[in-house]
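Accompanying notes for the structure given below.
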Amino acid sequence: MSKQELLKKIAENVIQGRVVAEDEGFDEGYEGQPAVTELVEQALADKIDPKEIVLESLTGSMEEVGKKFDSGEYLIPDMLASAECVGAAMDILGPHLAGAGVESKGKFVLATVAGDLHDIGKNIVGIMLKGAGFEVQDLGNDVTTERIVAAVKESGAGYLGLSALLTTTMREMQTVIEALEKEGLREKTRVLIGGAPTSEDFAKDIGADAYCRDAFHAIDLLKEMPRQ
Ligand code: B1M
C-alpha cells in the first residue's frame, strides 16, 4: 500500500470506529480487515512521519465524523467509537512524537474548560508538549475555573493551555483569564487557547496570549515565546 493509501485507510477506519481487526465498523464488510491499531503500526513500520498520521488521518477524520453527526447519520455512540480510535492511535504514536530526555522548558497546566467533555485534541496537545520538553499537568476535561486557577497557583506554572470545542463553553476561557487576573497570576502566566470554535480574533477578544490552530502550531508558537 502506498503512503497516501495507508493514511487514507487509517482515516477511513477512524470514521468506521474500528480500533482492531475484529471490530465490525459502522458499515458492513470491514470485519477482519486491518483497523486503526494494525494500520498505524504498519505506517510506523513504513517510516511514515507520525506528525502526518496525526494531521492527515486523525484530525481530518474527526471532522468527517462531526459532519456525519451534524447530518444525523451518526449518533453519540458512533462519535465515541471514533474518539476511541484516535485514543488508540495516540497510545501507539505518543512515544514516537515525544522527544526523550529533553531539558524542561517550563511547567504547563492544560485543561478542557467547565461544561466541555471533548478531550481528544487536548490530549494530543499534551503529548506534543511533553515531547517538546514541557512538564505537563493535565487536569482533564470539564474542569472548573477554580480548579484551573488553583493548579496554576500551586504549581507556579508559567503556561496555561485551555481547550473548548463547544460554542457554549468557549466563553469559559474568558472567565478563567479574569480569575487569573483577580488572583494576580495573569502577568506570570501565558495563556494559550485552542479548539474548533476558537480563533485568532476570539483569543484577542478574551485577552489570551495566543490561539493555536493545532498541536504543532502550539509548539511553533511556544518557540517564539520567551520562557516563563
Ligand atoms: Co461533540 N461536538 N458533542 N462529542 N464532537 C462537536 C464539537 C460538534 C462540532 C459536532 C457537530 O455537531 N458537528 C458539536 C459542537 C457544536 C457547537 O458547539 N457549535 C458537538 C456537540 C453538539 C456535542 C454534544 C452537545 C452532543 C450532544 O450531546 N447532543 C455533546 C457535548 C458534550 C459536552 O462536552 N458537554 C458532544 C459530545 C461528544 C462526545 C463525548 C460524543 C465526543 C467527544 C469524546 C472525547 O473528546 N473524548 C464528541 C466528538 C468526538 C466530537 C467531534 C466529532 C470531534 C472532536 C474532536 O475530537 N476533533 C466534533 C466535531 C468536530 O470538531 N469537527 C464534535 C479532533 C481533535 C484532534 O481536534 O479537538 O479541534 P480538536 O483539537 C485540535 C485543535 O483544535 C487544537 O489542537 C488539537 C490537536 O491538533 N487544540 C488546542 C485544541 N485544544 C487546544 C488547546 C491548546 C492548543 C491547541 O492549548 C495550548
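Students often get this wrong, so check it: of Lys9/Lys105; Lys68/Lys107; Lys67/Lys105; Lys122/Lys204, which have C-alpha atoms separated by over 30 Å? Please report the intermediate quantities before stating the final value.
Values: Lys9/Lys105 36 Å; Lys68/Lys107 38 Å; Lys67/Lys105 38 Å; Lys122/Lys204 20 Å.
With Cα atoms farther than 30 Å apart: Lys9/Lys105; Lys68/Lys107; Lys67/Lys105.
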Exercise for the section: With everything on Cα atoms, drop me the angle between helix 36-45 and the longest principal axis of the chain, reported from 0 to 90° to the nearest 10. Expected result: 80
Handout entry: Most fluctuating residue given options Glu172, Glu28, Glu41, as computed from a GNM of the chain linking Cα atoms under 10 Å
Key = Glu28
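Got a sec? What order do Thr144, Thr169 fall in by accessible area at 1.4 Å, biggest, i.e. largest, first?
Values: Thr144 60, Thr169 10 Å².
Largest accessible area first, the residues go Thr144, Thr169.
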Completion exercise
Given a Förster distance of 22 Å, the FRET efficiency implied by the Cβ-Cβ spacing of Asp70 and Glu28, rounded to the nearest 0.05, works out to 0.40
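Let me make sure I get this right: for the range 107-224, a, b and c are the square roots of the gyration tensor eigenvalues over alpha carbons, sorted descending. Under 1.5 in a/c it's rounded, otherwise prolate if a/b > b/c, else oblate. Which is it? Mind showing how you got there, number by number?
Values: a/c = 1.22, a/b = 1.04, b/c = 1.17.
Rounded.
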Exercise for the section: May I ask you to evaluate 6.51 cos²θ - 1.76 cosθ + 1.60, the Karplus curve with θ = phi - 60°, for each residue of the range 22-35 and list the ³J(HN,Hα) values in order in whole Hz, giving x for glycine and proline? Expected result: 6, 5, 6, x, 5, 9, 7, x, 9, 3, x, 7, x, 10
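Treat the chain as a sphere of radius equal to its Kirkwood radius over Cα pairs and apply Stokes-Einstein at 4 °C in a medium of 1.567 mPa s; give the translational diffusion coefficient in µm²/s, rounded to a whole number. Provide the component values of the computation, followed by the final result.
On the way: Rh = 18.3 Å.
In µm²/s, the coefficient rounds to 71.
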Problem - Residue-wise HN-Hα coupling along the range 186-197, computed from phi with Karplus coefficients 6.51, -1.76, 1.60 (Hz; x: Gly, Pro) - result: 4, 5, 8, 10, 8, 10, 10, 10, x, x, 3, x
Problem - Set of aspartates and glutamates near Lys153 by C-alpha distance (under 20 Å), chain-local residues within fewer than 8 positions excluded - result: Glu135, Asp138, Asp142, Glu172, Glu178, Glu181, Glu183, Glu187, Asp209
Problem - Helix axis angle, 172-182 relative to the chain longest principal axis, alpha carbon, degrees - result: 30
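Can you give the direction-averaged projected area of the convex hull of the alpha-carbon atoms in the range 3-99, in nm²? Each step should come with its number before you reach the end.
Details: hull surface 23.1 nm².
One quarter of the hull surface, i.e. the mean projection, equals 5.8 nm².
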Exercise for the section: Have a look at Gly194, Gly161, Gly66 and tell me which one the Gaussian network model of the chain (Cα, springs below 10 Å) gives the largest fluctuation. Expected result: Gly66
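The values are calculated or read from the model by the stated rules, or taken from the named source; none is laboratory data. All of these numbers come straight from a predicted model, not from anything done at the bench. Cβ atoms come from the backbone with ideal geometry, glycine included; neighbour counts cover every protein chain shown. Ligands, DNA and RNA are stripped out before the accessible areas are found, and what is left, the full protein with its side chains, is counted by its heavy atoms. Shrake-Rupley method; radii C 1.70, N 1.55, O 1.52, S 1.80 Å.
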